[in-house]
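The structure appears right after this line, and notes come after that.
Derivation of every value follows stated rules applied to the coordinates shown; laboratory data play no part. Small disclaimer: the values here were computed from a predicted structure and weren't measured. Methodologically, a virtual Cβ is constructed for each residue, glycine included, from the backbone with ideal geometry; neighbour enumeration extends over all protein chains shown.
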Amino acid sequence: MDQQRIGAFLKTLRKERALTQEQLAEQFGVTGRTVSRWENGNNLPDLAVLVALADYYDVEIRELLNGQRKEAPMKPEEKENLLAAAEYSREEKGRLLARMHGLFLIGLAGFAASLAIGALGLENTVPCGQIADFGLGLAFGMLALGAVFTGRRAAAIRAAKRRLLARIRL
């Protein structure tokens, strides 16, 4: 896939509709800067957004991914497969977001416990000091996990985890 070509095609389609980047952004719930990045070839829209863009511009998803119009129409089963993949991608992002929220809430609770113990001046007592240290460690650990889950290598890490779990189950 040539991101520059796809971006140029997206720009052409937008201009055919006489839309500004901001108008298109509003239509799809993104920023004008995001649309600019798509059109400059710096980023590509998510698969779900690509499917929505194809419907909006009345072009095939294959045409968007190729960055040019095609003559042969997409088969209905191909479109169904792409829609299913887009839905799976959306659900996977939702699961990841829910997991991230949980991790951050756990980290926040640990940090709050550490702050409360420190504010009460109990950090030098035996059980409270250990609890405060644990809470602070938990907070930083959850932040580190959040950084890993949202980093560029997150998909590779999740794939490796799935492979490892599949081997264990066998």
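Quick notes on this one:
- For the chain, a Gaussian network of Cα nodes joined below 10 Å ranks Val148, Val126, Val30 by mean-square fluctuation, and the top entry is Val126.
- In loop segments of the range 122-170 as defined by DSSP, the trypsin sites (Lys or Arg not before Pro) with at most 14 further C-beta atoms inside 10 Å of their C-beta are Arg152, Arg153.
- Placing unit charges on the Cβ atoms of the charged side chains and taking the dipole of the range 93-169 about its Cα centre, the candidate lying farthest along the positive direction among Gly146, Leu96, Ala132 is Leu96.
- Between the entries (i) 15.3, 47; (ii) 23.1, 76; (iii) 16.7, 57, the label attached to Rg and Dmax of the Cα atoms in Å calculated for this structure is (ii).
- Label-to-label distance, Met1 versus Ala154, with points set 7 angstrom from Cα along the beta-carbon direction: 1.8 nm.
- Label point at Arg99 placed 7 Å out along Cα→Cβ; residues across the range 140-165 whose backbone nitrogen lies under 18 Å: 141-165
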